[in-house]
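The values are calculated or read from the model by the stated rules, or taken from the named source; none is laboratory data. Nothing here was measured: the structure is a model prediction, and the numbers come from that model. Positions of Cβ are backbone-derived with ideal geometry, glycine not excepted, and every protein chain shown enters the neighbour counts. For the accessible areas, the whole protein counts, side chains as well, though only heavy atoms, and no ligand, DNA or RNA atoms are used. Shrake-Rupley method; radii C 1.70, N 1.55, O 1.52, S 1.80 Å.
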Amino acid sequence: MAQAGEKSPLAKPLRGFGGAGVLEIVESFNGNAYRVVYTVKFVKAVFVLHSFQKKSKRGMATPQAEIDLIVKRLRDARTRYQEVFGAE
């Protein structure tokens, strides 16, 4: 859906990333919680930044180690986008 310019009804902005450019989809299966984080900040590409099973039993917050990885991958995605498509 994101590649077609649409937004899944399950997608919500990930807190701490300044708006709706970084989205998160949360899904449950067999009692486990799974998350996928992607960005639509770039005009010509959608980058999946991270997917993981949430194992923390301490609330719904995304663990800091996962946030740090998402931040790094968003930086890497920006660099890759500029290499492939040039500056926006």
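Below are the figures for this structure:
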quantity	calculated
Lys72-Ala20 pseudo-label distance in nm [points 7 Å out on the Cα-to-Cβ vector]	3.1
Given charges at beta-carbon only (K, R positive; D, E negative), |dipole| of the chain in Debye	280
C-alpha long axis of helix 64-85 to longest principal axis of the chain, angle in °	20
Relative contact order (%) - the range 29-88, alpha-carbon pairs under 8 angstrom, separation at least six	31
Pairwise Cα inverse-distance average, inverted: Kirkwood Rh of the chain (Å)	13.8
Residue-normalised accessible area of the chain, expressed per residue, 1.4 Å probe, Å²	71
Within the accessible area of the chain (1.4 Å probe), percent carbon and sulfur	53
Distant-in-sequence amide H partners of Lys54 (H built 1.01 Å from N, under 5 Å)	Ala33, Tyr34, Arg35
